[in-house]
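Q: Before I ask anything, let me first share the structure, which is written out below as structure tokens.
The values are calculated or read from the model by the stated rules, or taken from the named source; none is laboratory data. Bear in mind that the values here come from a model prediction, so they are computed numbers and not experimental data. Ideal geometry is used to build each Cβ from the backbone, glycine not excepted, and the neighbour counts take in all protein chains shown. Surface areas here come from the heavy atoms of the whole protein model, side chains and all, with no ligands, DNA or RNA. Shrake-Rupley method; radii C 1.70, N 1.55, O 1.52, S 1.80 Å.
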Amino acid sequence: MAKIGFIGLGIMGKPMVKNLLKAGHEVVVYDVVPAGVQEAVAAGAKAVASSKAVAEQCVFIITMVPNSPHVKAAILGPNGVLEGAKAGSLVVDMSSIDPTVSKEVGAELAKKKIRFVDAPVSGGEPKAIDGTLSIMCGGKKADFDEALPIMKCMGASVVLCGEIGAGNVTKLANQIVVALNIAAVSEALVLATKAGVDPQLVFEAIKGGLAGSTVMNAKAPMMLDRNIKPGFRINLHIKDLDNAMAAGHAVGVPLPLTGQAREIMTSLKVDGMGDADHSAIVRFYEKLAQVEVKKQS
Ligand code: NAD
């Protein structure tokens, strides 16, 4: 069994640590906020005082923090992983961040012969708890192969998509498809409602055809129940779409629909719904059309 360092004990990090402990690994943890640390220690992890201290004690280190600046702070910043890690260590960043930052972090670590894999996840808290996340990776095949048995404790599907940064490009592609799919379902159900057709029956009628999707199956029932409890928050999706647009601009790819979805989410955030589930996109369309999507019977 391995000794694993884990940095970032939020909604996702805590259950992921618990699954590593359940699999019999020793886990050394750190977070800038004490609440998550206490929960991980209660589950059997050992706490240390900094990311540097995590890296001093472990040659396999996972980070799971909100966004690019947090990854840079935890790995490259003062008292960060880079200061404590030994040559040959393997750092796996499972946060969803800008792929250009993944490449930057990988290059800085390589100067000290520290290896790096970006490995963002999809599936949210329920799948983090079950240990059935989808994990999309970027890095060298040998590093991926070494990390694979550890990632399998947290995920049902673990795929190497290419070099460093490819994991986050894949995650951004995922987030574009999800955002635009929710917007399309919203636009369609608002049309049905205002045209006098029960949106529940529209959902039932079309979900088995070409328009059907996992996103529609998960989010249309929430829209019909007028439930905007997250799930996945608008604010986090805004972060992902901003990263998608930065990545698109970096390689010269216009993302016109992603830009529109981002501005729909901007509007919802201004309306106080930044912490609502991303299915609250339907509320934007409802406001335009002055109609409410809901179950009619
Ligand atoms: P979170 O905000 O709940 O947790 C992040 C944790 O990182 C916090 O406890 C915070 O204190 C800690 N942190 C921040 N900066 C730090 C630093 N410099 N050093 C140490 N700890 C630091 O976020 P989350 O929901 O757990 O998400 C983590 C990542 O996973 C994000 O990139 C998110 O986009 C991605 N993700 C989240 C979900 C979801 O449903 N929540 C699903 C898939 C992917």
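Q: Within segment 132-144, is even one residue within 14 Å of the ligand (Cβ to nearest atom) and on the phi > 0 side of the Ramachandran plot?
A: The answer is no, given that none of the residues of segment 132-144 is within 14 Å of the ligand (Cβ to nearest atom) and on the phi > 0 side of the Ramachandran plot.
Q: On the given criteria, is Ala183 open to solvent by less than 40 Å² (accessible area, probe 1.4 Å), in a helix (DSSP H, G or I) and within 14 Å of Ile62 (Cβ to Cβ)?
A: No.
Q: Right, next: Taking only segment 212-242 into account, find how many residues are open to solvent by 30 Å² or more (accessible area, probe 1.4 Å), of a type outside the set (A, V, I, L, M) and assigned to a loop (DSSP other than H, G, I, E, B).
A: 7
Q: Given segment 1-74, what helices (runs of 4 or more DSSP H) lie entirely inside it while holding 1 or more residues that are open to solvent by 50 Å² or more (accessible area, probe 1.4 Å), farther than 22 Å from Pro120 by Cα and among the acidic types (Asp, Glu)?
A: Because the criterion is at least 1 residues that are open to solvent by 50 Å² or more (accessible area, probe 1.4 Å), farther than 22 Å from Pro120 by Cα and among the acidic types (Asp, Glu), the helices (runs of 4 or more DSSP H) in segment 1-74 that meet it are 34-42, 51-57.
Q: Yes or no: segment 137-150 includes at least one residue that is open to solvent by 10 Å² or more (accessible area, probe 1.4 Å) and within 18 Å of the chain's Cα centre (by Cα).
A: No, segment 137-150 contains no residue that is open to solvent by 10 Å² or more (accessible area, probe 1.4 Å) and within 18 Å of the chain's Cα centre (by Cα).
Q: Among the residues of segment 110-127, which ones are of a type outside the set (A, V, I, L, M, F, W, C) and either in contact with a Phe, Trp or Tyr (Cβ under 8 Å, 6 or more places away or on another chain) or within 15 Å of the ligand (Cβ to nearest atom) (or both)?
A: Within segment 110-127, Asp118, Pro120, Ser122, Gly123, Gly124, Glu125, Pro126, Lys127 meet the criteria.
Q: Here is a list: Val29, Val59. Which entry is among the aliphatic types (A, V, I, L, M), assigned by TED's automatic domain parsing to the domain that holds Met16 and more than 12 Å from the ligand (Cβ to nearest atom)?
A: Being among the aliphatic types (A, V, I, L, M), assigned by TED's automatic domain parsing to the domain that holds Met16 and more than 12 Å from the ligand (Cβ to nearest atom) holds for just one of Val29, Val59, which is Val59.
Q: Return the residue satisfying two criteria in turn: it lies in segment 243-259 and is over 17 Å from Ala183 (Cα atoms) and free of Cβ contacts under 8 Å to residues at least 60 places away in the same chain, and of such residues it is surrounded by the fewest Cβ atoms within 10 Å (Cβ to Cβ).
A: Within segment 243-259, the match that is surrounded by the fewest Cβ atoms within 10 Å (Cβ to Cβ) is Gly252.
Q: Same structure again: Could you check, for segment 76-97, whether at least one of its residues is within 9 Å of the ligand (Cβ to nearest atom), out of contact with any helix residue (DSSP H, G or I) (no Cβ under 6 Å at 6 or more places or on another chain) and open to solvent by less than 10 Å² (accessible area, probe 1.4 Å)?
A: The answer is yes; a qualifying residue exists.
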